[in-house]
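The values are calculated or read from the model by the stated rules, or taken from the named source; none is laboratory data. Please read all numbers here as calculations on a predicted model, not as lab measurements. Glycine gets a Cβ as well: all are built from the backbone with ideal geometry, and neighbour counts include every protein chain shown. All accessible areas refer to the heavy atoms of the entire protein, side chains included, with ligands and DNA or RNA removed. Shrake-Rupley method; radii C 1.70, N 1.55, O 1.52, S 1.80 Å.
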Amino acid sequence: MIGRIIAFMMSFVMTVTGTVFGLTESVIDSVFEAVCGIPYTSSAVKDDFLSSFDKDDVGFVDEETGYIKDTLAVFVDGNLGFFERLSILGKCGGAVIGWCAPAELYVIRKGDMSHEKAVSESERIESLDGVSLAMPLYLSKTEEQLTPDDPFDYMIDEDTMYPENPLEWDEIYPDGRNWWLEAINARQAWDYEKYYQSVSLGVLDSGFDLEHPEFAGKIFFPNEKRARKNRPSDHGCHVAGIIAAERNNAAGVAGICDHADLICVDWNPDILQFWFTEIAIYYGFTELVQSGAKAINLSLGISASVKLGSSSFYDRVLKPRAMSLMMASLLDKGYDFLVVQSAGNGNKSGMPIDSINNGHFTAITENNVYTGKYEIDKEEILGRIISVSAAMNLYDGTFMQAGYSNVGPNIDIAAPGSMVYSCGYPVIADYTYKSGTSMAAPCVTGVAGLVWSVNPGFTGKEVKEIIVTSTDKTAVVNDYTEYFFGVETMDYPMLNAKLAVEEAIKRTDETVGTVRGKLDKTASTVEFGGTGYTVLSDGSFSFVAPAGSGTATVKNSDGEEIGSFELSFSAGETVELKTSD
């Protein structure tokens, strides 16, 4: 009888609300929540419970891990009918106080439990048919991944430290406040603007300043609740600036993918909540994916709370299972995305450790990835996570891993991370220098935005493969750093925006070919087919363009024509020109 009543109610609500789809879903979910205790649609999110926790609700597993004593997280199998979910949750016992339906996640409040009791109750629930995973609601000492003791963290005497004109560029020997853009050949990637389409990127970080001149019209939130929760911070602004600060306002800093919309979530706990609730990542990440964010940046992690060489079992094994299951649920529903997370800045003593101890997505490995009953291959999960090491500038055209940056085989790529100049929050400064893997991750996110701009049809897995393989330099192991015995160190490929974008173009447009050559050092650009391509400080240039024949014009930095040459090449061909004296 109750099933018929609910079915009738749903039919009535849908008829009354007509064709306004968003309103229909909202009303349907409100009705079903009132009658049955859970929502009906697959897009419903309820996270009010997150703000209700205080210190009295926290139990401790060990020095680095806590849990909420009366609450469990339950992931049900995907594609279950409403009444099947209702029946399963009834067998779990307790009261359902929250949900993240796209991830098939439900939060259940029970009575206070010891950790042992919470684990045993989770095991009981997980044994139920229709339940993919159940676990206590764990807490982490998640932190922003910058190095707060770095003497160059905030203000620098620019006259003595960086005397150069910030508008001068030298990709051969990166230097100055824009060294990080030079190091990844950002200018050459910007040459391909004609290929770029709109793209939305996600930032899960501390809050964002909507009034900053670099972010005018760029920052959005998944919903009004997230907008209200946003508390502007220096770290969030710095990360967002690296990704998408306005490039053409003749001031401040240029973001890598400045045409991107930034969909943002402030992950910080509420005031007076000192530990971070792991489930907040599930919610924030899911809402960003729902809102259309393609690459999602997480410049955060837990490795700074690790006392010795590795984090707890819960951080390295159990939590990654939930993270990967959440990803599988979203992929199964047709969403696509790429996760970019900082590798971490060492342990509690500042000593680099294996990046899997940084938690969240960096902890997902071949050994702990979990997809439940979803028909999602494990490689589809692993292929959508990029773990990023921080590189420092050696000022001779080469790069070394920063001494604070975590290491290990789970890291995919290195990007500029030390003394990176980007946006700040005006309480400190409109623009500021920061160091950390927090700064390296958004470099990769920005390049992911450029690659996806070329072809919105790429999968997240394809975008990762393009980024991590389209490189020509490495960030070598830091021989001056003491590593834990047994920790695996290796050189990492260095991020290259130009090569990644060019590879994306080649995979998208079969008519293009490649042109390379060297000109007099007075040359600034080569124009061909209506597009100007940047010449490096040593006179070398290379670009991809639609095949054809014509005259290429050489111009100096003042835009004056100083030469020309004839050019002819075919699709797929690479032409090496000898154009220099």
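Remark: pairs (first residue in segment 223-237, in contact (Cβ under 8 Å) with a residue 60 or more places away in the chain; second residue of a type in the set (K, R); Cβ separation under 9 Å; 6+ apart in sequence or on different chains) = D234/K434; H235/K434.
Of all residues in segment 404-444, those satisfying the criterion of being of a type in the set (S, T, Y) and either open to solvent by 10 Å² or more (accessible area, probe 1.4 Å) or more than 18 Å from H212 (Cβ to Cβ) (or both) are Y404, S405, S418, Y421, Y425, Y431, S435, T437.
The residue of segment 332-390 that is farthest from the chain's Cα centre (by Cα), among those that are within 17 Å of G417 (Cβ to Cβ) and of a type in the set (V, I, T), is I353. The one condition from (1) closer than 21 Å to A280 by Cα; (2) hydrophobic (A, V, I, L, M, F, W, C); (3) out of contact with any Phe, Trp or Tyr (no Cβ under 7 Å at 6 or more places or on another chain) that F83 does not meet is (1). Taking (1) more than 22 Å from S312 (Cβ to Cβ); (2) in contact with a Leu (Cβ under 9 Å, 6 or more places away or on another chain); (3) buried (at least 22 other Cβ atoms within 10 Å of the Cβ) in turn, Y67 satisfies each apart from (1). For segment 183-205: of the residues being touching a Gly at 6+ places or on another chain (Cβ under 8 Å) and not hydrophobic (A, V, I, L, M, F, W, C), which is surrounded by the fewest Cβ atoms within 10 Å (Cβ to Cβ)? Looking at the filtered set, the residue picked out is S200.
In the condition set (1) among the charged types (D, E, K, R); (2) over 25 Å from the mean Cα position of the chain (by Cα); (3) modelled with pLDDT under 55, E123 is compliant with all but (3). Residues in segment 211-268 that are assigned to a strand (DSSP E or B) and either more than 24 Å from A415 (Cβ to Cβ) or not hydrophobic (A, V, I, L, M, F, W, C) (or both): F220, P232, D261, D266.
Yes/no matrix, rows are residues, columns are (1) open to solvent by 20 Å² or more (accessible area, probe 1.4 Å); (2) assigned to a helix (DSSP H, G or I); (3) in contact with a Leu (Cβ under 6 Å, 6 or more places away or on another chain):
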| residue | (1), (2), (3) |
| --- | --- |
| F75 | no, no, yes |
| L80 | yes, no, no |
| L86 | yes, yes, no |
| K91 | yes, yes, yes |
| G98 | no, no, no |
| V119 | yes, yes, no |
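Taking segment 537-564 as the range and being open to solvent by 30 Å² or more (accessible area, probe 1.4 Å) and of a type in the set (A, V, I, L, M, F, W, C) as the test, the residues that pass are A547, I562.
Mind listing just one residue for me: the one in segment 332-368 that is of a type in the set (A, V, I, L, M, F, W, C) and either open to solvent by 10 Å² or more (accessible area, probe 1.4 Å) or not in a loop (DSSP other than H, G, I, E, B) (or both) and, of those, modelled with the lowest pLDDT?
From segment 332-368, those of a type in the set (A, V, I, L, M, F, W, C) are 337-340, 343, 351, 353, 356, 361, 363-364; that's our starting set.
From what's left, either open to solvent by 10 Å² or more (accessible area, probe 1.4 Å) or not in a loop (DSSP other than H, G, I, E, B) (or both): 338-340, 351, 356, 361, 363.
Values: L338: 98, V339: 98, V340: 98, M351: 90, I356: 94, F361: 95, A363: 94.
The extreme case among them is M351.
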